[in-house]
2 protein chains.
Amino acid sequence: MNDLTLRPFLWRSTRLFPEKRLVSRTHDGTHAYEYETFGERVRSIVAALRDLGLGPGDRVGTFGWNHHRHLETYFAAPLSGAQLHTINVQLGDDDIVYIVEDAADEILFVDPGDPLETIIRLWDDLSVDQLVVMGETVPDAASELDGGVTTLEALVAEHEPVDALPPLEGSQPAGMCYTSGTTGRPKGVEYTQAMLYAHSMMVMTPAAIGIRETDVVMPVVPMFHVNSWEFPYAATMAGATQVYPGPSPTPADLVSLIDEESVTLTAGVPTVWIDVLSHLDEADEYENPLSSLERIVVGGSAAPADMMRRYEDEYDVAVEHAWGMTETMSIGSVSRPKSWMDDWSRKDRYRKRRKQGLPSPGLEMKLVAETGETQPWDGESVGELWVRGPTVVNEYHQRPDANAEEFEDGWLKTGDVAVIDEDGYVEIVDRTKDVIKSGGEWISSIELENALMAHPDVIEAAVVAVSHERWQERPLACVVLDEGTETDREELYTFLEREGEFPEWWLPDEVRVVEAIPKTATGKFDKLSLRERFDDPRLRFAPGESDAKPE
Amino acid sequence: MNDLTLRPFLWRSTRLFPEKRLVSRTHDGTHAYEYETFGERVRSIVAALRDLGLGPGDRVGTFGWNHHRHLETYFAAPLSGAQLHTINVQLGDDDIVYIVEDAADEILFVDPGDPLETIIRLWDDLSVDQLVVMGETVPDAASELDGGVTTLEALVAEHEPVDALPPLEGSQPAGMCYTSGTTGRPKGVEYTQAMLYAHSMMVMTPAAIGIRETDVVMPVVPMFHVNSWEFPYAATMAGATQVYPGPSPTPADLVSLIDEESVTLTAGVPTVWIDVLSHLDEADEYENPLSSLERIVVGGSAAPADMMRRYEDEYDVAVEHAWGMTETMSIGSVSRPKSWMDDWSRKDRYRKRRKQGLPSPGLEMKLVAETGETQPWDGESVGELWVRGPTVVNEYHQRPDANAEEFEDGWLKTGDVAVIDEDGYVEIVDRTKDVIKSGGEWISSIELENALMAHPDVIEAAVVAVSHERWQERPLACVVLDEGTETDREELYTFLEREGEFPEWWLPDEVRVVEAIPKTATGKFDKLSLRERFDDPRLRFAPGESDAKPE
């Protein structure tokens, strides 16, 4: 056999679908070209990287949003033998410097605008010596930097497309993405050529996402988040039309791209799609601008059931709930009812659809209790989710400390606390680090949060552990309320008691109304800072204040 | 990453879809069980193979039709670390002995009935020392053989399912199938664990076949033909219901299985589906027994256009034309119109659909002229089809002679002569060995055959080269006519002239009506014997008898 590499991805898309379109939203309107041009440009960039001395063993950093030039680097870097390293443009300066230095990126491809300003500001702290602006001109501020500064357009103009790609091996590093926990330094996760091949093919199968040539695919999840969940590679292999929403798209931008380009499949975190719904509620359109849209794949955090229902009822769009991690190359499970659940009630089908879903082809999963025992799949037994398979990494870049802790025997310990039901649907109930341990029993912060967020006046809710003398820890809820609402903590508490169907000892001892929930750079709730804020001796509950443990 | 192996195939199907069904037609009616039982039995057979001393480096031969027990060996052999070797039960004795000895099979799993009788007859010529009857009892004739003889049911009954599968590596040999040309000994083609993984995932993608959990899949192509085109592995990973039609199914058997089990997707050579149509024509049924069927994947030889049209018009079933070889693990291209051909005329869409189609994900193809030059994709330029990719082998088992001839630089030289059109659709026009070279120009025997077979009274047609003094070679057509027809060679010649749209010099110098076209053991036209029969000096055409070369 020949090795599993990205080479056939470029070959198939450009040879079989040269006329299919790649569309990007840019500052100056919509840019479009065809796969044929895309392929030539990728081959020019491969030539440019070769001439810049980059190849196997070198890392090519990218720092930008979703557009065709970024897609070109997705292919040119690994096809040149180098390794693509996508960097989150929303990180703080410290993390950016740490990540670029830890990866030892040799060159950075950077979006004009805010991302470029960030890199210029940090330039003296970085060992990188080549900068490529993913645009047409080098702004003055960048032209004064030490080292080589050029534009992607200049590289393309100055280099003939290579005829033959360099030889590649399946085991060769081809991709890299850092994952940031709430504690400790971000950890580098590396993907080989074979892993990118295998995961993209998995994403193409209907058992995972299912991407067809007839699809018009718009990846909204940023290209710096785990390869935009592999949609760009999978859509390219399928020969699908691709639409990229550019820098910081607004809900209005997304809706008009879906409408104008007849998008059929899109993907992103729930908040994006909640904002799109709000935008549509306010718009006063006669025709449904989502008429072409068939599916939204939602991941990154739990999708509210109400949002899923509204897309289905009002726009005839299916919302598919997915789960994954940087370490699983994104998509690791997708939630759809099985064929024989067709005649279930809608409510029961939603119960399945709201879970994280069925493990995607190639993966194996198990639940491991603190004792080390494997837990049964009964929808009740809780354990840490362990995952293994050819699309799961088994080490971090230069982090023996984390490697020893997070991998065992080919398994990745995800740090997610989950239950798996009799039908094999995984449901994440917590992060191991966020777990609330009351009297030795687990309380799921995520389930409490979801229940609170079901209240119409609650915008966000985070539940964290605070210390407790008798029960060690007890849950405390922080909620953000809609402006002008009269709902108060009392009512929320009653709502939770009435609607939540939780054991009494799960109910938070306190509900706090806050202005905002602090977030990490990747947009996750920063529960650590909430704990620090509220876990104060003066706030400790006295023993016996609640019946906090099942007897 | 962990290696690409079959392990997650068994895991996913049995853990996520334990209640889905596997159905087999047997001598005693329909047998059905669920994936859960299937998984336990596979694990018992893994234990049995281990106890029999079989593991890495050993080959496990199978000699049988399509049923659940054969499927069990598909998994148990490679998951035990050994290599599954499927042997064609329709081969002649000589080839069977050669193949079993060449592969050095340690054990044979054999169907009761004709296959077992064959093996008993050949037993003394085989070095195999263990025989497992894929059934419940050992017939008397088999119990007298030297060596261990048992049944699959005894192995299952006597062995507890293994808890943990042995460690497997992606590079480990896991499958094997012999390919027979019309000349020379059959050649062994070996598949690694990683290749089985990659090709099955490719088959699952909609760009190739596309298999979903909701499908009811019936592989009619025999399980000894290139893993039944990988449908069993892909359907298992998808969690689809599977239906196996058992030994030598008749058209009536196939129709009633489709009807009773609500089959949605099936696959096999064209003659099977032609026979099914004839059966349906004769049947006097009120309801359409194919109402559940969505697609038939057809390969192995070209599908007649009339058959494709009739399935579509009369039964609302799409016939999808596929191409592949033992060396490409079966499916290597599938023909479907592209999204933007939706508004083409039906005729134009059929022109595409009748070709061998678009290369499947992971493959690269090119046309190479005799000069070694790469040919353009213009629908006219002819060349040998070369294929490469991670699902293409790059050597034969112990055949350095063939390796030197048929592989170059990672490419497989398929021996198929093809054109590729501007849209990337491959069309096989001949086998290199069957090519007719008239005055230095290629004439496609396959195109002439297809044109002849379009005549309503022609059952089969084979066109071969016969020697010619002036033009070196000229085409001669052999046709089998419907019984009782009044059509004669004159009329056929006129039909070809009128309907074929061929250059005049392509027209066969002779049309012969024959009783039957001789076939090879794999059911292909045995053109070598036709050439030997007709290429007689007495039959040589005199110079100038036809205007046989374009000036």
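The values are calculated or read from the model by the stated rules, or taken from the named source; none is laboratory data. Treat the numbers as computed from the prediction; the structure is a model and nothing was measured. Reconstructed Cβ throughout: ideal geometry from the backbone, glycine too, with neighbour counts over all protein chains shown. In case anyone asks, the SASA skips ligands and DNA or RNA and just uses the protein heavy atoms, side chains included. Shrake-Rupley method; radii C 1.70, N 1.55, O 1.52, S 1.80 Å.
Against the condition assigned to a loop (DSSP other than H, G, I, E, B), at pLDDT 85 or above and not polar (S, T, N, Q), how does B:Asp416 come out, does it pass? Outline the logic, then answer.
Details: assigned to a loop (DSSP other than H, G, I, E, B): no; at pLDDT 85 or above: yes; not polar (S, T, N, Q): yes.
Answer is no for this residue.
How about the range A:344-401: which of its residues are within 13 Å of chain B (Cβ to nearest Cβ) and among the polar types (S, T, N, Q)? Residues satisfying the conditions are A:Ser360, A:Thr374, A:Thr391, A:Asn394.
Every test in (1) buried (at least 19 other Cβ atoms within 10 Å of the Cβ); (2) under 25 Å from B:Glu370 (Cα atoms); (3) hydrophobic (A, V, I, L, M, F, W, C) is passed by B:Leu528 save one, and that test is (1). Is it true that some residue in the range B:54-61 is away from chain A (no Cβ under 14 Å), more than 22 Å from B:Val221 (Cα to Cα) and touching a Pro at 6+ places or on another chain (Cβ under 6 Å)? No, the range B:54-61 contains no residue that is away from chain A (no Cβ under 14 Å), more than 22 Å from B:Val221 (Cα to Cα) and touching a Pro at 6+ places or on another chain (Cβ under 6 Å).
Among the conditions (1) modelled with pLDDT under 95; (2) within 14 Å of chain B (Cβ to nearest Cβ), A:Gly184 misses just one, which is (2). Applying the criterion of at least 3 residues that are closer than 29 Å to B:Glu36 by Cβ, out of contact with any Lys or Arg (no Cβ under 6 Å at 6 or more places or on another chain) and modelled with pLDDT of 95 or more to the helices (runs of 4 or more DSSP H) found wholly in the range B:53-169 leaves B:68-79, B:152-158. Restrict the check to the range B:363-383 and report whether at least one residue is open to solvent by 30 Å² or more (accessible area, probe 1.4 Å), in contact with a Gly (Cβ under 6 Å, 6 or more places away or on another chain) and part of a loop (DSSP other than H, G, I, E, B). Scanning the range B:363-383 turns up at least one residue that is open to solvent by 30 Å² or more (accessible area, probe 1.4 Å), in contact with a Gly (Cβ under 6 Å, 6 or more places away or on another chain) and part of a loop (DSSP other than H, G, I, E, B).
Given the residues A:Arg349, A:Arg353, which is the only one that is surrounded by 14 or more Cβ atoms within 10 Å (Cβ to Cβ) and free of Cβ contacts under 8 Å to residues at least 24 places away in the same chain? Checking each option against the conditions leaves just A:Arg349.
Taking the numbered list (1) assigned by TED's automatic domain parsing to the domain that holds B:Asp526; (2) open to solvent by 20 Å² or more (accessible area, probe 1.4 Å); (3) assigned to a loop (DSSP other than H, G, I, E, B) in turn, B:Asp423 passes all entries but (1). For the range B:1-52, filtering for residues that are within 26 Å of the chain's Cα centre (by Cα), within 14 Å of chain A (Cβ to nearest Cβ) and of a type in the set (Lys, Arg) leaves 2. Screening A:Glu422 on (1) within 21 Å of A:Ile331 (Cβ to Cβ); (2) within 14 Å of chain B (Cβ to nearest Cβ); (3) touching a Phe, Trp or Tyr at 6+ places or on another chain (Cβ under 7 Å) shows it passes everything except condition (1). Among residues belonging to the range A:1-46 that are without any contact (Cβ under 8 Å) to a residue 60 or more places away in the chain and part of a strand (DSSP E or B), point out the one that is nearest to A:Gly170 (Cα to Cα). If we take residues in the range A:1-46 being without any contact (Cβ under 8 Å) to a residue 60 or more places away in the chain and part of a strand (DSSP E or B), then A:Glu34 is nearest to A:Gly170 (Cα to Cα). Scanning the range B:473-508 for residues that are open to solvent by less than 40 Å² (accessible area, probe 1.4 Å), in contact with a His (Cβ under 9 Å, 6 or more places away or on another chain) and closer than 16 Å to B:Ile446 by Cα yields a count of 3.
Could you go through the range B:540-549 and let me know if any residue there is modelled with pLDDT of 85 or more and open to solvent by less than 20 Å² (accessible area, probe 1.4 Å). No; the residues of the range B:540-549 include none that is modelled with pLDDT of 85 or more and open to solvent by less than 20 Å² (accessible area, probe 1.4 Å).
How many of the residues making up the range A:223-250 are at negative phi and within 14 Å of the chain's Cα centre (by Cα)? Explain how you work it out, then say what you get.
First pass over the range A:223-250, keeping only residues at negative phi: A:223-225, A:231-238, A:240-245, A:247, A:249-250.
Now restrict to residues that are within 14 Å of the chain's Cα centre (by Cα): A:223-225, A:231-232.
Within the range A:223-250, residues that are at negative phi and within 14 Å of the chain's Cα centre (by Cα) number 5.
Let's see how each residue does on (1) basic (Lys, Arg); (2) in contact with a Cys (Cβ under 7 Å, 6 or more places away or on another chain); (3) facing chain A (nearest Cβ under 9 Å); (4) surrounded by 24 or more Cβ atoms within 10 Å (Cβ to Cβ):
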| site | (1), (2), (3), (4) |
| --- | --- |
| B:Tyr197 | no, no, yes, yes |
| B:Met202 | no, no, yes, yes |
| B:Ile209 | no, no, no, yes |
| B:Pro219 | no, no, no, yes |
| B:Pro232 | no, no, no, no |
| B:Ala235 | no, no, no, yes |
| B:Gly246 | no, no, no, no |
| B:Leu257 | no, no, no, yes |
| B:Ser262 | no, no, no, no |
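If a residue must be in contact with a Gly (Cβ under 9 Å, 6 or more places away or on another chain) and either closer than 17 Å to A:Glu504 by Cα or part of a strand (DSSP E or B) (or both), how many such residues does the range A:426-449 contain? Adding up the residues that qualify gives 5. Of the strands (runs of 3 or more DSSP E) lying entirely inside the range A:240-359, those containing at least 2 residues that are of a type in the set (Gly, Ala, Ser) are A:265-268, A:318-325, A:330-335.
Checking each residue of the range B:392-412 against the condition of being under 19 Å from the mean Cα position of the chain (by Cα) and of a type outside the set (A, V, I, L, M, F, W, C) gives at least one match.
The set of residues in the range A:117-134 being without any contact (Cβ under 8 Å) to a residue 40 or more places away in the chain and buried (at least 23 other Cβ atoms within 10 Å of the Cβ) consists of A:Leu131, A:Val132, A:Val133.
Whether any residue in the range B:472-482 is outside any strand (DSSP E or B) and in contact with a Ser or Thr (Cβ under 9 Å, 6 or more places away or on another chain) is what I want to check.
no
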